[in-house]
Amino acid sequence: MRNKDNRSVRRQGKGRLPAKAHSARPAQVTRSRAGSTATPGTPEEAGPQRVLFDREGERPAERLPLILESSGAGDFHLIDTGNALKLEQYGPYRIVRPEAQALWRPSVGASAWEKADAIFTGDTDEDGMGRWRFPREALGETWPLSLLGVDFLGRFTSFRHVGVFPEQIVHWQWMKQQVEAAGRPVKVLNLFGYTGVASLVAAAAGAEVTHVDASKKAIGWARENQALSRLERAPIRWICEDAMKFIQREERRGNRYDIILTDPPKFGRGPNGEVWHLFEHLPLMLDICRELLSPKALGLVLTAYSIRASFYSIHELMRDIMRGAGGVVESGELVIREAGLEGESRGRALSTSLFSRWIPE
């Protein structure tokens, strides 16, 4: 809430984590590049933003560095990496995509790479556009896949992605375990939810899910995946909206969630031209996410891709945001382990992203 001269008014801690965990003072308003106050995720002319809280209390305990490793699951495994490329198995298809961190030479023979069904060519930047080449035979745009008991569609997109980020399997397994072990209804918020695989994993485990993404195409794809997984009756809200706008409205409404997953891009635009810059807007996003955690929250998970930063940067931010909440913040990297042609060997680990996760233990 704000008074007329734009200064924040402290709110009461109704319906949240214990009062000690939410003892906070408004901090300085973040400034846009033009020097005016602007709501992150909205055009500058939208007006002043909700301010950051100056949190009080002890910072949570820490566990780091923590390496969370996936070696594949369901229809996916990483076959090999090297020469700035990765060779992956997605269901029936063997795929080659750029991977700048694969500085070494491949382990499997050249013949395995030559049998790829699809090869992405073009811009090697994570968000760069390109095209797919099909050296063996023309393939359809989509094909069925399954992970953690959820069925979904793979798709050859111009941004080299295929509809799932398999390194996050470790987060999804953790979430699935939390939901199943809770013994009570669990509400999950999935921000920047993309094609909905995480949302479907949560719903299949019994959670009530709110899925938010600014892309109409991604929401449409997620609904296709819901039907393919036979989860049409699952309690999932599909929200096509700018994530920052949505969470600020949820905060004003007093809505709360037990688990929040947030997977923001380095840069993005909302459906109405809203602008997202991770380094500028992440602190406020996490600050609001903390306010959205229920009194019996199970976790807040942040994943960060393609940024020039150490995991310490998001680790220390998460600990500051969660001052007074107790629990522990564990941070590090997500990696995928090479598994060879048959998916059974143990090769090198490929780092994919940074993460930070608060849990109430």
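(1) surrounded by fewer than 17 Cβ atoms within 10 Å (Cβ to Cβ); (2) within 30 Å of G109 (Cβ to Cβ): which one isn't true of A339, the others all being true?
A339 satisfies all of (1) surrounded by fewer than 17 Cβ atoms within 10 Å (Cβ to Cβ); (2) within 30 Å of G109 (Cβ to Cβ) except (1).
Say whether the condition of being touching a residue at least 40 places away in the same chain (Cβ under 8 Å), assigned by TED's automatic domain parsing to the domain that holds G183 and either more than 24 Å from M318 (Cβ to Cβ) or more than 18 Å from the chain's Cα centre (by Cα) (or both) is met by at least one residue in segment 253-267.
yes
Only one of these is closer than 24 Å to G268 by Cα, touching a strand residue (DSSP E or B) at 6+ places or on another chain (Cβ under 9 Å) and of a type outside the set (F, W, Y): V212, V186. Name it.
Only one candidate passes the filter, namely V212.
Considering R237, R308, which residue is assigned by TED's automatic domain parsing to the domain that holds V209 and in contact with a His (Cβ under 8 Å, 6 or more places away or on another chain)?
Sole residue among the options that is assigned by TED's automatic domain parsing to the domain that holds V209 and in contact with a His (Cβ under 8 Å, 6 or more places away or on another chain): R237.
Yes/no per residue for (1) out of contact with any His (no Cβ under 9 Å at 6 or more places or on another chain); (2) part of a loop (DSSP other than H, G, I, E, B); (3) under 18 Å from E250 (Cα atoms); (4) touching a residue at least 40 places away in the same chain (Cβ under 8 Å):
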site: G273; (1), (2), (3), (4): yes, yes, no, yes
site: F279; (1), (2), (3), (4): yes, no, no, no
site: L282; (1), (2), (3), (4): yes, no, yes, no
site: E316; (1), (2), (3), (4): yes, no, no, no
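For segment 30-53, how many residues meet the condition of being at pLDDT below 90 and in a strand (DSSP E or B)?
Number of matching residues: 2.
For W172, all conditions in the list (1) touching a helix residue (DSSP H, G or I) at 6+ places or on another chain (Cβ under 9 Å); (2) surrounded by fewer than 19 Cβ atoms within 10 Å (Cβ to Cβ) hold save one; what is the number of the exception?
It fails just one condition, (2).
If you take the residues of segment 214-245 that are part of a helix (DSSP H, G or I) and among the hydrophobic types (A, V, I, L, M, F, W, C), which of them is nearest to P283 (Cα to Cα)?
Among residues in segment 214-245 that are part of a helix (DSSP H, G or I) and among the hydrophobic types (A, V, I, L, M, F, W, C), the one nearest to P283 (Cα to Cα) is M244.
For segment 77-87, indicate whether the set of residues that are closer than 30 Å to I359 by Cβ and either among the aliphatic types (A, V, I, L, M) or assigned to a strand (DSSP E or B) (or both) is non-empty.
yes
Residue under question is E241, and the condition is that it be over 30 Å from A181 (Cβ atoms), crowded, with 20+ Cβ neighbours inside 10 Å and among the acidic types (D, E); does it hold?
no
Name the residue, out of A202, A112, A182, A198, that is modelled with pLDDT of 95 or more and more than 21 Å from W358 (Cβ to Cβ).
A112
Among what's in segment 49-89 and is touching an Asp or Glu at 6+ places or on another chain (Cβ under 8 Å) and charged (D, E, K, R), pick the residue that is farthest from V275 (Cα to Cα).
D80
Which one is farthest from I219 (Cα to Cα), of the residues in segment 253-267 that are touching a Gly at 6+ places or on another chain (Cβ under 9 Å) and part of a strand (DSSP E or B)?
For segment 253-267, the residue satisfying everything is I259.
For Q173, state whether it is assigned by TED's automatic domain parsing to the domain that holds R346, under 27 Å from R233 (Cβ atoms), of a type in the set (S, T, N, Q) and in contact with a strand residue (DSSP E or B) (Cβ under 7 Å, 6 or more places away or on another chain).
Against the criterion (assigned by TED's automatic domain parsing to the domain that holds R346, under 27 Å from R233 (Cβ atoms), of a type in the set (S, T, N, Q) and in contact with a strand residue (DSSP E or B) (Cβ under 7 Å, 6 or more places away or on another chain)), Q173 does not qualify.
The values are calculated or read from the model by the stated rules, or taken from the named source; none is laboratory data. Worth saying up front: this structure is predicted, and the values here are computed from it rather than measured. FYI the Cβ positions are ideal-geometry reconstructions off the backbone, even for glycines, and counts take in every protein chain you see.
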